[in-house]
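Written below as structure tokens is the structure these notes are about.
Since every read-out is calculated from the coordinates, none of them should be taken as a lab result. Please read all numbers here as calculations on a predicted model, not as lab measurements. Every residue, glycine among them, receives a Cβ derived from its backbone with ideal geometry; neighbour counts consider all protein chains shown.
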């Protein structure tokens with residue numbers, strides 16, 4: 001009997017994952033991760049960790065498996081929260097859920113599980129694991145979940161071969177309704193429970209208040225740039241190389257107040273992200289305003305009207321070499337090589353046709369169609385068929 005430690009989060013997905021593993025004959029242990037102590041920034045009655053840990057305990061009791069809580073809040077603060085603040089300060093928008101999987105669930109948590117004699121760690125992610133042989137050695141694949149509506153492989157885009165080797169995803173072959181059905185049949189307390197929408201494992205957090213704890217408010221100006229601005233005129237440029245062309249396509253437009261009109265004030269450019277529409281409190285425009293750029297140096301925000309504003313779109317993005325990550329190291333590109341893939345720049349985005357171009361200093365991802373709101377600090381993932389083969393931080 002192989003021993004599996006399941007990260008029981010108090011939600012329906014991990015509950016059913018534990019049940020399925022037990023049915024398959026594994027020795028299952030339930031572990032709840034406590035990652036947060038500060039209730040002042042959580043919206044109190046929306047899934048605080050206490051309620052979740054109680055639900056996880058009730059599920060473990062129902063399934064007849066051992067259960068304990070591990071406090072990872074120090075690791076979480078250091079590896080996720082501090083990182084988030086430093087990224088926001090630089091005007092980048094981090095993705096805490098991707099980091100939480102790489103740094104907490106499949107690192108700190110996995111080490112605890114292995115110290116308990118576990119052979120595997122299992123989670124309630126909607127994704128699947130494949131295995132192929134390359135040069136006589138096993139190579140693990142991260143595959144999309146069967147439920148296209150719930151596929152969560154994107155959140156695991158930073159995992160390594162070592163982490164995947166020890167990971168199990170029991171519900172990857174199921175759809176969400178099937179998972180709920182199993183939970184109801186087993187009379188699990190989580191069967192009807194709503195999915196939590198907050199930061200992974202903190203519960204629902206008010207992000208602006210959360211950021212304001214560390215990043216001081218600083219009044220600045222909001223500008224609007226017209227879609228007809230000459231900045232957006234298509235100029236015929238002759239590039240000396242493909243790399244030069246891609247660099248141009250991936251670069252940000254540099255906005256200054258003299259190309260825009262003043263429309264309002266804000267409390268700090270570092271609280272805002274590209275493509276954001278809510279929270280600007282500027283009225284009187286024909287179409288809603290979207291953020292097209294933030295300037296941390298001058299503490300200015302530039303906006304444009306409507307979700308088709310040309311300032312939102314770019315054809316390429318850049319990932320620095322030290323931020324390029326291959327789940328499939330055998331597919332890694334050498335300088336000068338290209339690879340046709342499908343890619344996405346955010347969770348739940350439809351996969352987009354793209355080409356990877358590897359150069360000495362990093363990789364460009366060039367899209368067939370211009371993409372809206374490419375955001376620094378977020379992750380781009382690249383795929384072949386239903387397999388996620390690599391990812392990187394947009395720089």
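Here the Kirkwood formula, the inverse mean of 1/r across different C-alpha pairs, assigns region 3-212 a hydrodynamic radius of 17.6 Å.
The modelled label-to-label distance for the pair residue 213/residue 258, using points 7 Å beyond Cα in the direction of Cβ, is 4.4 nm. Computed from Cα atoms, the angle from the helix 49-63 axis to the main principal axis of the chain rounds to 40 degrees.
Put in order of Cβ neighbour count within 10 Å, fewest first, the listed residues 3, 328, 348 become 348, 3, 328.
Arranged from fewest to most other beta-carbon atoms within 10 Å of their beta carbon, 125, 254 become 254, 125.
Based on the Kirkwood approach, the hydrodynamic radius assigned to region 212-335 is 16.7 Å, with every pair of different Cα atoms included. Each of [x] 21.0; [y] 19.2; [z] 22.1 is a candidate for mean projected area of the Cα convex hull in nm²; the one calculated from this structure is [x]. The equivalent ellipsoid of region 272-395 has semi-axes of 31, 15, 12 Å, largest first, where each one is the square root of 5 times an eigenvalue of the Cα gyration tensor.
Quick one: angle between helix 176-185 and the longest Cα principal axis of the chain, in degrees between 0 and 90, rounded to 10, please. Helix 176-185 sits roughly 30 degrees off the main axis of the chain. Tilt of helix 12-23 relative to the longest C-alpha principal axis of the chain, in degrees (0 to 90, nearest 10)? Helix 12-23 sits roughly 40 degrees off the main axis of the chain.
One decimal place: the segment residue 241-residue 384 gains 48.8 nm when fully extended, by the rule 0.36 nm per residue minus the C-alpha distance.
Sorted ascending by nearby beta carbons within 10 Å, beginning with the fewest, 69, 256 become 256, 69. Estimated at 0.36 nm per residue, the fully extended path between residue 2 and residue 230 surpasses their Cα-Cα distance by 75.6 nm. Approximating the spin labels as points 7 Å out from Cα along Cα→Cβ, the residue 285-to-residue 78 distance works out to 4.3 nm.
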